[in-house]
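J.: Pasting a structure below so you can have a look.
Only the coordinates and a few stated rules stand behind these numbers; no lab work does. Only a predicted model underlies this, so the values are computations on that prediction, with no experimental measurement involved. Cβ: placed from backbone, ideal geometry, glycine included. Neighbour counts: every protein chain shown.
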Amino acid sequence: MYSNYELTVIIPTFNEEVNIARMIEAVNSTLSLNKIHGEILIVDDESRDKTIKIVEELMLKYNNLRIIVRHTDHGLSQSVVEGFRQANSNAFMVIDADFSHPPELIPLFYEEIKKGTDIVIGSRYTRGGGIKQWPLKRRILSLGATGLGRILFPEITDPVSGFFALKKKVVSGAQLHPRGYKILMEVLGKGKWNSVVEIPFTFTDRENGESKLTFCIITDYVKQISNIAKYSLVFRNNHVWNEWEKLGKFCFVGLSGVLVNVGSLYLFTEYIGLYYIISSLVAIEISILSNFFLNDYWTFKLKDKANKYTQNRFKRFFSFQCISIVGLIINIGVLYFLTDFFGIYYLVSNLIGIVIVFFWNYLMNRHVTWKL
Ligand code: GDD
């Protein structure tokens, strides 16, 4: 039988006869060069070419190599989950068979896992990452999928990456029912984790064979997103829920700011006798202040004491103030542009401006002011 390994490298395969031997060699040499006691687990969905035969032959040469051939419910994500179940280690690495993901980066992922990180993601969209040789259609699809994923996981730049590592405990006991290609979204949405780190890499489109991404896989993905969103509402103690909670609180604070603004405007104009434009400026500043403190002490209050924001409170206020002022300018710009250039009724233009500014304010503050 197999001994326990430090790391299991899971490679899902379907018709990869042109790549699989080279890939196994490459992973094995990376593991041994870096003295990682790792196993390679191929999870195949009844490839019709020679993939299975090639792996079986290589198993005679490498005793850390195994293959599982699945006969039902075929699919990339389902295969990866099967790999999690069958792995003989406490840390898993998932990588494509076609060299889209560079196997020489595996030790970097494993280093992070050893440091205690729960999930390590190879990102194409973080600084230093990239994509080579993708047609425009594929790039647009990918940006759409990533954008949708980032609604659920705003702190992660590439939540649909197929190149990632994780500790076994993240998925043990998790109810994973992935469809399509986006296994990582399922792990992030339903796994138990506290820390995630992204490692930049350049995705290189396969030179041999072809992608198995089909229209069905794309529609499956949209279903999966709504499934994870629903799930997160039921199991509130997870990251997706935390992000929705923050968005809801931020919205509530924004509405309270409107009341503070109107109240102050009335007070300063009617009781103190200031000119209404001056009162309005004072009222805007008071509502910015009240919004900041409510968000700082409530919306973005740190639940985990081990975490810290990158900026102190004074800098957070400065950043919030600047983002709010730019927001005001955007609001007026949208109002003017839509009304004067497109002839839209000014109250409707204003409403569109408010919605745009709400998302501007939320995303900028989430990623800049209250950045962890
Ligand atoms: N077992 C199994 N079953 N493996 C599969 C299946 C399947 O139904 N479909 C594809 N694979 C394997 C391929 O053999 C390859 O090793 C890997 O999964 C990726 O397949 P591709 O079809 O080449 O994927 P891609 O390049 O279009 O998509 C990649 O990038 C996406 C991000 O844009 C993958 O890494 C995805 O996981 C990733 O989300």
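J.: Summing +1 for each Lys or Arg and -1 for each Asp or Glu, what net charge is found among the other residues whose Cβ lies under 12 Å from the Cβ of residue 143?
T.: +4
J.: Taking neighbour Cβ counts within 10 Å as the exposure measure, how do 334, 94, 368 sort from fewest upward?
T.: Ordered from fewest to most neighbouring Cβ atoms within 10 Å, 334, 94, 368 come out as 368, 334, 94.
J.: Could you compute the FRET efficiency for residue 329 and residue 140, with r as their C-beta to C-beta distance and R0 at 41 Å, rounded to 0.05?
T.: 0.85
J.: Name the residues whose placed amide hydrogens come within less than 5 Å of the amide hydrogen of residue 344, ignoring near sequence neighbours (fewer than 5 apart) on the same chain.
T.: 339
J.: Expressed as an acute angle from 0 to 90° and rounded to the nearest 10, what is the orientation of the C-alpha long axis of helix 239-266 relative to the principal long axis of the chain?
T.: The helix 239-266 is inclined about 10 degrees to the chain.
J.: Can I ask one more? With equal scatterers on the alpha carbons only and no solvent term, can you work out the Debye log10 of I(q)/I(0) for the range 232-365 at 0.20 1/Å?
T.: Log-scaled intensity ratios, in q order: -1.23.
J.: So if each residue of separation counts as 0.36 nm, and I subtract the Cα-Cα distance between residue 29 and residue 259, what length gain in nm does that give?
T.: Taking 0.36 nm per residue and subtracting the Cα distance, the gain is 76.4 nm.
J.: Assuming R0 = 51 Å, what is the FRET efficiency of residue 195 and residue 281, from their Cβ-Cβ distance, to the nearest 0.05?
T.: In this case the efficiency is close to 0.70.
J.: Cβ under 9 Å from residue 179's Cβ, residue 179 left aside: what net charge do those residues give with Lys, Arg +1 and Asp, Glu -1?
T.: Net charge around residue 179: 0.
J.: Starting with the fewest neighbours, write out 49, 96 ranked by other beta-carbon atoms found within 10 Å of each beta-carbon.
T.: Lowest count first: 49, 96.
J.: Trypsin sites (Lys or Arg not before Pro) within the range 1-110: which are DSSP loop residues with at most 12 other Cβ atoms inside 10 Å?
T.: Listed in order of number, the matching sites are 35, 48.
J.: Counting other Cβ atoms within 10 Å of each Cβ, which trypsin sites (Lys or Arg not before Pro) in the range 273-372 have at most 10 and sit in a DSSP loop?
T.: Of the trypsin sites (Lys or Arg not before Pro), the ones in loops of the range 273-372 whose Cβ has at most 10 other Cβ atoms within 10 Å are 303, 305, 308.
J.: What number, rounded to the nearest 500 deg cm²/dmol, is the helix-based mean residue ellipticity at 222 nm of the chain, given -39500 (n - 2.57) per DSSP H run of at least four residues and division by all its residues?
T.: Helix contribution divided over all residues of the chain: -17000 deg cm²/dmol.
J.: So, one more: As an exercise, find the ratio Rg/Rh for the range 86-180 from alpha-carbon atoms, using the Kirkwood inverse-distance average for Rh.
T.: Radius of gyration over Kirkwood radius for the range 86-180 works out to 0.96.
J.: Need one number: the % of Cα-Cα pairs in the range 120-165 sitting beyond the 18 Å mark.
T.: 24 percent
J.: Let me ask you something else. With label points built 7 Å along Cα→Cβ from the Cα atoms of residue 293 and residue 21, find their separation and express it in nm.
T.: Placing both labels 7 Å beyond Cα along the Cβ direction yields 7.2 nm.
J.: Among 251, 261, 60, flag the residue with its Cα farthest along the positive direction of the charge dipole of the chain, charges on Cβ as +1 for Lys/Arg and -1 for Asp/Glu.
T.: Final value for the positive-end residue is 261.
J.: May I have the convex hull volume per residue, in Å³, for the Cα set of the chain?
T.: Dividing the Cα hull volume of the chain by its residues yields 162 Å³.
J.: Relative to the first principal axis of the alpha-carbon coordinates of the chain, what is the inclination of helix 313-342, with its axis defined by its Cα atoms, in degrees from 0 to 90 and to the nearest 10?
T.: The helix 313-342 is inclined about 80 degrees to the chain.
J.: Say R0 is 25 Å: what FRET efficiency, to the nearest 0.05, do residue 318 and residue 351 get from their beta-carbon distance?
T.: FRET efficiency, residue 318 to residue 351: 0.25.
J.: Residue farthest toward the positive end of the dipole of the chain, with Cβ of Lys/Arg at +1 and Asp/Glu at -1: which of 151, 289, 173?
T.: Final value for the positive-end residue is 289.
J.: If you don't mind, another one. Enumerate the residues in the range 4-43 having an amide nitrogen under 19 Å from the point lying 7 Å beyond the Cα of residue 88 toward its Cβ.
T.: Backbone N within reach: 4-12, 24-25, 27-29, 31-32, 35-43.
J.: Let me ask something else about it. Excluding residues fewer than 8 places away in the same chain, name every one of the aspartates and glutamates whose C-alpha is closer than 20 Å to that of residue 190.
T.: 82, 118, 155, 158, 198, 220, 243, 245, 304
J.: Continuing with this model, one more query. Give the percent of DSSP beta bridges with both residues in the chain that are antiparallel, rounded to the nearest 5.
T.: Roughly 25 percent of the beta bridges in the chain run antiparallel, per DSSP.
J.: Relative to the longest principal axis of the C-alpha atoms of the chain, give the angle of the C-alpha long axis of helix 215-234, reported between 0 and 90° and rounded to the nearest 10°.
T.: Once rounded, one gets 60 degrees.
J.: If the limit is 19 Å between Cα atoms, which of 50/182; 114/168; 167/303; 168/301; 301/371 go over it?
T.: From the list (50/182; 114/168; 167/303; 168/301; 301/371), the Cα-Cα distance tops 19 Å for 50/182; 167/303; 168/301.
J.: To continue, here is another question. Using Cβ counts within 10 Å as a stand-in for footprinting exposure, how do 177, 71 rank, fewest first?
T.: 71, 177
J.: Hey, what did the range 28-187 get for relative contact order, percent, Cα under 8 Å, at least 6 apart?
T.: 26 percent
J.: Give the separation of the Cα centroids, the range 1-60 to the range 141-155, in Å.
T.: Centre-to-centre distance over Cα atoms comes out at 30 Å.
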